[in-house]
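Here the structure comes first, spelled out in structure tokens, and everything after it is commentary.
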Amino acid sequence: MEALNILWRNQKWRLQNPATLIMTSIQPLFWLLLFSTMFGSKAVAGGGQNYTAFSLPGILVMLVLTSAGISGIANYSMKTGGIYYRVYISPVKRSSIVLGHILDVAVAAFVSIAILSALSLLLGATVASGIAGVLLIILLLVLTIAFVAGLSYAISFLFRDENPFIALVNTFVMPLFFVSTALMPYDQVPGGFKIAVLINPFTHVINSLRNLMLNATPDWGLYLLAAGLMAALTVLSFLLAVRCLQKDEK
Amino acid sequence: MDAISVKKLTKTYARGKTALNELSLTVKEGEIFTLLGPNGAGKSTLINTLTTFLAPTSGEVTILGKNLAREQTYVRSQMACVAQRVSIDDHLSLQENMLFQGRLFHMAKADILKRTDTLTEAFGLKEYMKDRVATYSGGIKRRLDIAMSMISFPKILFLDEPTVGLDIESRQILWDAVKRIKNDFGTTVFLTTHYLEEADILSDTICIMKEGHELVQDTPQSLRQYTSQNLIRMSFNKPDMAPKAAKLLQQHPLVRGLRCEEQEVYVQVQNCDRDFMALNRWLSEQNITFSGIETVSPSLEDVFIAITGGTRLESSAS
């Protein structure tokens with residue numbers, strides 16, 4: 001209930017500022033159209049699958065990285081006014097404040113995810129694993145958003161103003177996207193990059209999402225690895241965010 | 001029972017600055033308690049500590065009989081604070097702001113709406129219900145800020161310099177609101193200000209602090225005794241005469257302190273009866289033209305200057 005109250009407040013703001021959702025969606029939309037057009041006929045994914053379906057998992061992860069990654073910036077605008085202080089000194093649990101933030105980011109991200117998915121459908125992409133696959137994809141994306149949003153919230157306490165925060169987020173988002181299997185299958189990654197790609201946790205998310213999109217039967221090992229990894233990281237980032245909030249200003 | 005009891009409270013920030021230095025004070029339930037001090041005295045640090053935003057370095061704080069460090073959640077549920085920065089959300093309506101604040105305190109929607117009705121009536125906000133909050137003036141926003149803080153029936157309300165930046169009319173409306181909070185709602189008010197007039201009008205108890213430490217705590221009436229009655233006021237016809245006379249008077253052996261206000265000079269002496277005649281004569285001898293000279297009761301500002309050893313507050317209320 002406490003978290004839903006915070007979600008309600010934030011969503012009221014988003015409804016009055018829909019431009020933020022559009023801006024978040026534009027870059028991934030651009031990448032999706034670009035990759036689909038550039039590589040669509042070459043079927044680099046192997047097996048001749050639709051390249052939109054191949055590239056969509058990577059683009060979705062990029063969307064999560066950009067939207068949830070920058071989400072901690074909300075903390076700075078809250079602190080500019082007195083609302084942060086008002087919430088902080090209320091009897092609301094600190095975990096509810098963080099959860100409210102994560103839920104808000106998730107709702108906003110899923111609006112963009114819906115837009116991207118609709119466009120992908122128009123470009124011929126489908127989810128081969130069916131409705132069950134769609135639900136598994138949603139669950140995995142929720143976990144990924146929760147991990148990144150929690151981490152972003154925690155990082156926002158490291159800096160007094162938003163400029164170094166933005167710089168830090170920007171420094172990591174693109175490398176995490178490119179040094180992964182977002183654009184090509186693991187076996188086509190150049191040798192020197194293979195270890196880095198494997199270490200990148202988002203590689204496993206992309207692999208599992210792609211598996212669910214391109215194969216009728218899910219690879220459960222792949223899915224459990226990605227979901228388990230994201231669940232563990234979510235717990236860690238959530239606890240870190242709560243800890244940072246408790247320690248803030250003290 | 002005391003609403004707030006602070007014993008030897010010290011707050012040293014990570015960078016080494018000590019904002020509160022073994023400060024002790026007591027606030028009685030149901031009173032308006034004013035913390036008076038110049039900028040940098042530690043007023044906001046104290047409020048931030050009492051409202052659980054900052055953790056004290058040492059000392060003991062008891063709020064409504066509960067230890068602040070050990071029973072933070074209970075203390076948070078019993079108090080509210082109107083910070084210096086207005087904390088209402090412009091993207092929410094007045095009622096939505098109230099709903100958000102009420103839900104932070106786990107109130108049911110029906111109770112919030114009922115309380116909103118009472119508070120908007122009490123604080124003269126009814127006519128603004130349908131307007132967008134973003135269009136409110138500073139004074140109305142401040143009133144809404146206070147009304148929001150009252151939604152949860154707090155037993156203690158902290159007001160951190162609530163009238164800073166407001167015009168005289170808005171300030172007087174706010175003063176009435178603060179009196180209503182005490183009289184109609186029975187809430188203990190902990191107010192910080194550097195406006196002496198505000199402190200004088202509103203307070204049951206005033207605590208004067210400087211450099212993180214309390215200097216004195218008493219009623220406004222009792223505080224006036226701190227300077228006895230040894231003040232002489234001199235009035236001048238021309239605006240430039242008062243500063244000139246003040247400059248000359250500073251050298252006079254009978255003068256123990258003075259302050260200049262527009263066309264008047266207030267002189268503190270050791271013995272009013274004896275020194276009044278001497279200073280009267282001295283002004284005539286110096287050919288300083290004055291329109292009046294009389295003994296006066298000390299104002300709160302005189303008390304403040306006497307107690308803080310000459311520190312002046314940065315601005316006045318009017």
accessible surface per residue for the range B:54-132, probe 1.4 Å, DNA/RNA/ligands not counted, whole Å² -> 48 Å²
In the range B:228-297 the accessible area split gives carbon plus sulfur, as whole percent at 1.4 Å, a share of 44 percent
Over its alpha-carbon atoms, chain A yields an Rg and a Dmax in Å of 18.5, 58
Tilt, helix A:19-39 to longest principal axis of chain A (alpha-carbon atoms), in degrees rounded to tens, equals 20 degrees
Rounded to the nearest 10, the angle in degrees between the Cα long axis of helix A:201-214 and the longest principal axis of the Cα atoms of chain A comes to 50 degrees
So the carbon and sulfur contribution to the accessible area of the range B:21-69, 1.4 Å probe, in percent, is 42 percent
The percentage of the accessible area of the range A:100-250 (probe 1.4 Å, all protein chains present) made up of carbon and sulfur atoms, to the nearest whole number, is 75 percent
Stretched fully, the stretch from B:S24 through B:N39 gains (0.36 nm per residue minus C-alpha distance, one decimal, in nm) 3.5 nm
Contact order relative to length for chain A, counting C-alpha pairs under 8 Å separated by 6 or more residues, stands in percent at 28 percent
Buried by partner chains in the range A:1-32 (accessible area down by at least 50 Å² vs chain alone, 1.4 Å probe, heavy atoms, protein only) are A:N5, A:W8, A:R9
Helix A:94-122 sits off the longest principal axis of the Cα atoms of chain A, rounded to the nearest 10 on a 0 to 90 degree scale, by 30 degrees
In short, the range B:85-108 residues buried by 20 Å² or more of accessible area relative to the isolated chain (1.4 Å probe) are B:R85, B:S87, B:D89, B:H91, B:L92, B:E96, B:F100, B:Q101, B:R103, B:L104, B:F105, B:H106
Here the residues of the range B:25-60 whose accessible area is at least 50 Å² smaller with all protein chains than in the chain alone (probe 1.4 Å) are B:F53
Expressed as a whole-number percentage, the relative contact order of chain B with C-alpha contacts under 8 angstrom and at least six residues apart is 21 percent
Heavy-atom accessible surface buried between A and B, both sides counted, 1.4 angstrom probe, nearest 100 Å², is 2700 Å²
Between the modelled labels at A:A196 and B:R180 (7 Å from Cα along Cα→Cβ) the distance in nm is 6.5 nm
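The values are calculated or read from the model by the stated rules, or taken from the named source; none is laboratory data. Being a predicted model, the structure only gives us computed values, none of them experimental. Here Cβ is always computed from backbone atoms with ideal geometry, including for glycine, and neighbour counts include all displayed protein chains. Note: accessible area is taken over every heavy atom of the protein model, side chains too, but ligands, DNA and RNA are not part of it. Shrake-Rupley method; radii C 1.70, N 1.55, O 1.52, S 1.80 Å.
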